[in-house]
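The values are calculated or read from the model by the stated rules, or taken from the named source; none is laboratory data. In this text the structure is predicted, and so the values were computed from the model without any measurement. Here the Cβ is made from the backbone with ideal geometry for all residues, glycine too, and neighbour counts use every protein chain on show. What goes into the accessible areas is simple: the full protein's heavy atoms, side chains included, and nothing from ligands, DNA or RNA. Shrake-Rupley method; radii C 1.70, N 1.55, O 1.52, S 1.80 Å.
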Amino acid sequence: MILDDLNRYYLMKVAEPGSDIEKHGWSTEKVSWEFRIDENGSLISVLPLGSDDGKRKFKLMSVPVHDTRTSAPKPFFLCDNAAYFIGLEACKNERQKEEYGDDFYFTDRKLELSREFHHARLDGLDDAGVQAVLRFFDNQSGVANLSHDALLALAQGGFTTFYYLPDNTFIHERMKVVEAWQKYIDEAPCEETIQCAITGNESAPANLFPQLTGFPGAQSAGASLISFNDEAYCSYGRKSADKALNASISEDAAFNVGTALRYLMRSKSNHVSFGDSQIVFWTDAKEQEASDLLSLVFNLDATVGGAKEDQNMLDQIRQRLIDIRAGRKSPSFDSGANYYLLCLAPNAARLSVRFFQRGTMGNLERSFQQYLKDVEMIGRNGESDRPRSIRAYVYQTAALGKAENVPDTLVNASLSALVRNAPFPESLFTLLLQRTRVDKGIGGSGGKKYDAMNLRAAMLKACLIRYARQRGDKELERSLTVALNDDNRNVGYLLGRLFAVLEKAQIDAIPGANATIRDRFIGSASSTPARVFPQLLKMAQHHISKAEYGAIADRRIEHIMSLINSEKGFPATLSYDDQGQFFIGYYQQKADFYASKNKQTESVESEGK
């Protein structure tokens, strides 16, 4: 199913006019160096292709396809590393360094293979650039003039291409070279055919499935979605040496699937990292609006962040979110078109499929609409806070603010709940509570700390609303509003509001204090209020007497206390649900204080009369 969907996606993309997905026989690789040669094939200079600021050591280029390379030497066409172009190898250990007296050495083994490989494919081709490349392989002219620093850098790795100085072109992009390479790919001999498990056609089998390089956490040489390393996993009559033949996948289909996966991983609009997982998503709808919706659903923060310098685009995204949340008419794409969600994780030289989900774009938009409603929370400016991606909320559970500390199972379950419009996992709710009690609602790590209470409160609210909806508890669902709800009589919510009022009284009495009661007491106040609130109320009387508007704080405290059951008093403990309401009430009460300066001024003046 996954392979078939990726294959169909590739065929759809390659048929699009102006598509930048690689055609059959080509691949996008990270190229680090440019060998500049003249008409005689002499190496004139070596140019690094990284960014000017030095942060990126390569340039993405479309080059003749690179097959999977195992331990056996195997040359690539017109784009390879220095070992295959000039015989330059890096020393692998101290013994080699002592033997050669340097950090690198020269050997002809891979160079000879590459020379033969290129002669076999380029001999007889009437092109000045091609003849220059063949002369370079034959004579190695100019290599001896390379500096020690250049040789040391080349030995560290990185792909290299040929640049023909007389007419300033890359050799692999010259028309005759492209035609020759395409002819070689199309006419490659086929000794064996199989019925492809993906397409159903009789075709040449793929010996190795294309590897995905640069996958975070996987081997640097690449990781494969399909591989066999033991005969126990092989088809009847096959052995592990038969590699991908066990999967009965044709070369064409393997290329299509591998290329589609690489394309999705490179695209910021189709890929997002989530802990140690990499999630790719796509749709078979041809309209751009459908792809834009996918980016909003699964990568909302990056989509908004990418538009920060374009105010017009940012306004369009914000309006689109408002329209979706309000349930206004969808853009003109086929609501019956499918979306696909694939989560992959590294496993040494292999890729593990965490989950794969498929559904219709119409259902996804309805689920996203409900998600935006459920997480909607008031901001300090009196308007709804900008919604965040599900990833941003789940990351709030991470210990020390590190993404790698997010449990894998939480990623899967949270995404699944989003697209199915189902209750969020209980572990998300409990971990948010535990993390907030520990870090007092301050997110981030190291020196990058920030107040994350708005994010925590929004997701706690969404979790509780979905639990209430699942149980049919209409009263609870109605009580969890976007802004402060003075009619909410839940004891946890009232205690959260009371805590915010007590903190405000302290801040008014001691402006600029290094720490507030939040830093010392919010964890215990949210779980064991009977032990904490009597002490906090005594402290508040001192703060009220010192504050300029202490009478206002006193009336606020009196109002909230009148709503708490006086017979039962402060509860000894709060359930998890009530603890969630505590943090929601705390945040909404604070947001109400700081909704706007005008509102605050009006409130102070009216309460002071």
Pairwise Cα inverse-distance average, inverted: Kirkwood Rh of the chain (Å): 28.7 Å
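Suppose every K and R has +1 on its Cβ and every D and E has -1 on its Cβ; what is the size of the dipole of region 247-370 about the Cα centre, in Debye to the nearest 20? Don't jump to the answer; show the numbers that get you there.
Working: 14 positive and 14 negative charges, 62 e Å.
In total the dipole reaches around 300 debye.
Sort region 434-587 into rounded, prolate or oblate with this rule: let a ≥ b ≥ c be the square roots of the eigenvalues of the Cα gyration tensor; rounded if a/c is under 1.5, and if a/c is not under 1.5, prolate when a/b is larger than b/c, oblate otherwise.
Values: a/c = 1.82, a/b = 1.24, b/c = 1.47.
Because a/c hits 1.5 or more and a/b fails to exceed b/c, region 434-587 counts as oblate.
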Cα gyration tensor shape for region 296-450, rounded if a/c is under 1.5, else prolate or oblate: oblate
Per residue accessible area in Å² of the chain, where ligands, DNA and RNA are left out and the probe is 1.4 Å: 48 Å²
With all protein chains modelled, accessible area of His24 [1.4 Å, Å²]: 60 Å²
Set of lysines with alpha-carbon distance to Lys13 below 27 Å, sequence-local pairs under 8 removed: Lys23, Lys30, Lys59, Lys176, Lys183, Lys268, Lys286
Dipole of the chain [Lys/Arg +1, Asp/Glu -1 at C-beta], most positive-end residue of Met539, Thr360, Gly50: Met539
Sequence of Arg391, Arg135, Arg95 when ordered by accessible area, the most exposed leading, probe 1.4 angstrom: Arg95, Arg135, Arg391
Cα-centred dipole magnitude for the chain, charges only on beta-carbon of K, R (+1) and D, E (-1), debye, nearest 20: 2940 debye
³J(HN,Hα), Karplus 6.51/-1.76/1.60, whole Hz, each residue of region 252-264, x for Gly, Pro: 4, 5, 4, 4, 4, 5, x, 5, 4, 5, 5, 4, 5
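With charges set only on the Cβ (+1 for Lys and Arg, -1 for Asp and Glu), what does the dipole of region 270-335 come to about its Cα centre, in debye to the nearest 20? Before the final figure, lay out the partial values.
On the way: 7 positive and 11 negative charges, 57 e Å.
Dipole of region 270-335, to the nearest 20 debye: 280 debye.
Below 10 angstrom from the Cβ of Leu415, what's the summed charge of the other residues (Lys, Arg +1; Asp, Glu -1)?
Working: positive: Arg354, Arg391, Arg420; negative: none.
With Lys, Arg at +1 and Asp, Glu at -1, the neighbours total +3.
What is the extension gain from Leu113 to Asp20, computed as 0.36 nm multiplied by their sequence separation minus the C-alpha to C-alpha distance, in nm to one decimal? Intermediate results must be reported in sequence, preceding the final value.
Details: separation 93, 0.36 × 93 = 33.48 nm, distance 3.18 nm.
So the extension gain works out to 30.3 nm.
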Radius 14 Å from Cβ of Asp103, net charge of other residues (Lys, Arg +1; Asp, Glu -1): -3
Unit charges at the beta carbon, dipole of the chain: most positive-side option, Gly217, Gly275, Phe499: Phe499
Positive-pole candidate from Leu321, Thr397, Ser335, dipole of region 318-471, charges at beta carbon: Leu321
Spatial separation of Cα centroids for region 240-318 and region 351-366, in angstrom: 12 Å
Links that overshoot a 24 Å alpha carbon limit, given the list Lys373/Lys590; Lys373/Lys402; Lys308/Lys448: Lys373/Lys402
